[in-house]
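A.B. asks: The following block contains the structure, expressed as structure tokens.
What follows draws every value from the coordinates through simple rules; no lab data is involved. Since the structure is predicted, the reported quantities are computational estimates derived from the model, not experimental observations. Using ideal geometry, Cβ is built from the backbone for each residue, glycine included, and neighbour counts are taken over all protein chains shown.
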Amino acid sequence: MTTLLYDLFNRDFATIHDPLQLRDTFFAKTLSITELATVFEYVAGSSITLGGKTIQGAVRIPGKATGGAPFAILAQLHGNEPAGLAGIALAIALSQAGLLARDVIGVIGNPLAARQYFASYLANPAARQETRDAFRCGVSESGALLPDMNRIPVDFATRTDNTPHTLRARDLFHIGQHINGIIDIHSARGNMLCITDHKRDEDLLGSPIRAVLTELAEAISANASAQVTVQTLKTILHPLPNIRCQTGIEAGRHEDPRAPYHAASFTLATLHGQGLTNVPPFNTDETGIFEGYRVRPRITYADLQIDGTLQPGDAISMAREVEGRIEDYQYDEMEAIDAGQVVAVARPSGVVLRAKDDFSGIFFSKAAALYDKDPAVGPWPVAASRLGEVKFCYPCERFDLKLA
Ligand SMILES: [Zn+2]
């Protein structure tokens with residue numbers, strides 16, 4: 001089918017028939033971003049025909065039994081999130097070893113943004129991750145940010161623009177109508193390793209990722225205007241009855257060397273749970289207990305406790321207190337914050353802002369110095385006059401989640 005894996009692993013997976021040997025061989029290797037770029041090139045250069053429509057940027061990975069709807073592994077709905085390609089590579093390895101029971105399709109969510117991301121990475125791999133943040137969506141020829149592929153207009157099927165964004169939304173919805181399940185693999189600006197959505201509890205059994213966000217969509221929509229004009233892909237696919245297993249994960253920080261491992265390991269657990277392979281997942285001691293994080297609507301800097309009176313010229317930075325000194329500090333995803341803790345400081349006044357409650361947050365406000373293109377990051381420092389407009393984070397309540 002392809003020499004892709006031989007080139008990456010220097011090993012012919014077709015000669016491996018033992019499930020544990022397959023697993024050990026695949027997971028012994030850490031797939032670098034440069035190597036994931038070759039997986040991208042392979043999938044991006046492939047096409048599938050499903051329900052009479054040919055779709056580029058997707059590959060059919062044959063199982064032993066043909067017929068029936070395939071299972072989909074979706075990578076790079078955001079271009080700068082390459083980890084999901086490791087899940088597609090795993091499915092190819094299973095297929096070549098004869099250890100994949102039925103067909104799987106690997107899909108690049110946003111091929112345009114993903115291509116730009118890899119070009120930028122390969123041109124300057126030492127540049128920090130944040131410099132590639134715009135390739136989450138991709139950029140136009142003039143450098144403007146393109147629409148987010150995970151924000152799909154509600155009228156995507158009928159609108160007359162033939163932009164890559166609308167055409168790909170139609171491709172993805174068409175795929176959604178012809179599959180029996182899907183994993184949507186993302187990564188994060190911060191250190192976020194969690195399950196962000198699942199349709200059925202049973203699909204998480206055996207998962208190596210043990211944190212589960214709940215009410216994420218509700219928390220996000222709480223701040224959206226009543227007139228909903230865009231939806232996430234998850235929301236668009238969710239009503240389709242043919243899709244039984246539908247899960248989404250954050251596999252860690254975008255370019256963390258472990259992110260591809262987390263993506264592939266979750267993919268293995270899912271394929272095993274769906275009866276698509278007898279290669280065992282890593283977590284075979286399932287307790288059914290997960291760390292639940294109930295996502296609350298976002299808070300702004302104005303929702304913090306302000307110790308004193310802000311001055312009109314103040315600029316507020318995210319901060320922490322270390323041995324009595326206040327210093328700028330970027331809080332990270334799921335980082336636990338205690339009630340009363342200093343989390344921001346106004347300068348030049350020196351007024352500090354504290355957390356009102358204990359919480360762990362996600363999607364924290366990010367330093368503007370690192371993210372210059374995307375106002376949705378809640379960039380800091382924040383002008384005192386805009387305190388109530390700029391996101392601080394989405395606080396989460398921790399609970400023990402027991403699945404049936
Ligand atoms: Zn994403």
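A.B. asks: Based on Cα positions only, what radius of gyration and what Dmax would you give for the range 143-213, in angstroms?
C.D. replies: Cα radius of gyration and Dmax of the range 143-213 are 15.6, 44 Å respectively.
A.B. asks: Just to be sure I understand the curve: with the Debye formula and one point per C-alpha of the range 94-157, what is log10 I(q)/I(0) at q = 0.11, 0.13, 0.24, 0.26 Å⁻¹?
C.D. replies: These q points yield log10 I(q)/I(0) values of -0.42, -0.54, -1.00, -1.10.
A.B. asks: Between ALA126 and ASN191, what is 0.36 nm times their sequence separation minus the Cα-Cα distance? Round to one decimal in nm.
C.D. replies: 21.5 nm
A.B. asks: For the range 237-299, report the convex hull volume of the alpha-carbon atoms normalised per residue, in Å³, without decimals.
C.D. replies: Cα convex hull per residue, to the nearest whole number: 159 Å³.
A.B. asks: So, one more: What's the exposure ranking of PHE290, PHE27, PHE135, going from fewest to most Cβ atoms within 10 Å?
C.D. replies: The fewest-first ordering by Cβ neighbours comes to PHE27, PHE290, PHE135.
A.B. asks: For the range 38-96, state what percent of all Cα-Cα pairs lands in each successive 5 Å bin, counting from 0 Å until the bin that includes the largest distance.
C.D. replies: Over the range 38-96, the share of Cα pairs per 5 Å bin runs 4, 16, 28, 28, 16, 6, 1 percent.
A.B. asks: What are the semi-axes of the equivalent ellipsoid of the range 137-256, taken as the square roots of 5 times the eigenvalues of the Cα gyration tensor, listed largest first and rounded to whole Å?
C.D. replies: Taking √(5λ) for each eigenvalue gives 25, 19, 15 Å, largest first.
A.B. asks: Further question on the same structure: For the chain, how big is the tail of P(r) above 26 Å, as a whole percent of Cα pairs?
C.D. replies: 55 percent
A.B. asks: Above 15 angstrom, tally the Cα pairs of the range 197-236 and express them as a % of all pairs, no decimals.
C.D. replies: Of all Cα-Cα distances in the range 197-236, 52 percent exceed 15 Å.
A.B. asks: Next question, about the same structure. So for the range 291-404, what percent of the C-alpha to C-alpha distances run longer than 17 Å?
C.D. replies: 53 percent
A.B. asks: I'd like to verify something in the chain: which complete DSSP H helices, judged by Cα projection on the helix axis, reach 27 Å or more and average at least 1.0 on the Kyte-Doolittle scale?
C.D. replies: Answer set is empty.
A.B. asks: If you rank GLU291, GLU333 by fewest surrounding Cβ atoms within 10 Å, what's the result?
C.D. replies: GLU291, GLU333
A.B. asks: Where Rh denotes the Kirkwood radius from the mean inverse Cα pair distance, what is Rg over Rh for the range 8-70?
C.D. replies: Rg divided by Rh gives 1.04.
A.B. asks: Same structure, new question: Show which lysines lie in cross-link reach of LYS234 when reach means a straight Cα distance below 21 angstrom and same-chain residues fewer than eight apart are skipped.
C.D. replies: Candidates past the 8-residue exclusion: LYS199.
A.B. asks: Shifting gears a bit: From the residues HIS254, THR66, ALA376, which one has its Cα farthest along the dipole of the chain in the positive direction, the dipole being from +1 and -1 charges on Cβ of Lys/Arg and Asp/Glu about the Cα centre?
C.D. replies: Highest projection toward the positive end goes to THR66.
A.B. asks: Using Cβ contacts closer than 10 Å as the measure, can you line up LYS199, LYS402 from fewest to most?
C.D. replies: Ascending number of Cβ neighbours within 10 Å: LYS402, LYS199.
A.B. asks: What's the extension gain from THR3 to GLN330 if we count 0.36 nm per residue and subtract their Cα-Cα distance?
C.D. replies: 113.4 nm
A.B. asks: What residues have an amide H closer than 5 Å to that of GLN274, excluding those fewer than 5 places away on the same chain, when H is modeled at 1.01 Å from N in the peptide plane?
C.D. replies: Amide H neighbours of GLN274, under 5 Å, 5+ apart: none.
A.B. asks: For the range 299-359, what does the equivalent ellipsoid look like in terms of its semi-axes, each the square root of 5 times an eigenvalue of the Cα gyration tensor, given largest first in whole Å?
C.D. replies: 18, 13, 10
A.B. asks: Rounded to two decimals, what is Rg over Rh for the range 346-390 when you use alpha-carbon atoms and the Kirkwood radius?
C.D. replies: Rounded to two decimals, Rg over Rh is 0.98.
A.B. asks: So if R0 is 41 Å, what FRET efficiency would ALA119 and LEU310 give, r being the distance between their Cβ atoms, rounded to the nearest 0.05?
C.D. replies: Efficiency for this residue pair is about 0.40.
A.B. asks: In Å³ and rounded to a whole number, note down the convex hull volume per residue for the Cα atoms of the range 78-211.
C.D. replies: Convex hull of Cα atoms, per residue: 154 Å³.
A.B. asks: Okay, next question. Binning at 5 angstrom from zero up to the longest distance, how are the C-alpha pair distances of the range 1-135 distributed in percent?
C.D. replies: In whole percents, the pair-distance histogram is 2, 10, 20, 21, 19, 14, 8, 4, 1, 0.
A.B. asks: What value, in deg cm²/dmol to 500, does the helix sum -39500 (n - 2.57) over DSSP H runs of n ≥ 4 give at 222 nm once divided by the residues of the chain?
C.D. replies: Here the helix-only value at 222 nm equals -6500 deg cm²/dmol.
A.B. asks: Further question: List, in order, the whole-Hz ³J(HN,Hα) value for each residue of the range 125-141 obtained from phi through the Karplus relation with A = 6.51, B = -1.76, C = 1.60 and θ = phi - 60°; use x for Gly and Pro.
C.D. replies: Whole-Hz 3J(HN,Hα) from phi for the range 125-141: x, 7, 5, 5, 3, 5, 5, 9, 4, 5, 7, 3, 9, x, 10, 6, 4.
A.B. asks: Next question, about the same structure. Net charge around ALA404, counting only other residues with Cβ within less than 13 Å of its Cβ (Lys, Arg = +1; Asp, Glu = -1)?
C.D. replies: Cβ neighbours under 13 Å give a net charge of -2.
A.B. asks: In whole Å, what is the distance between the alpha-carbon centres of the range 164-203 and the range 12-47?
C.D. replies: Between the Cα centres of the range 164-203 and the range 12-47 lies a distance of 21 Å.
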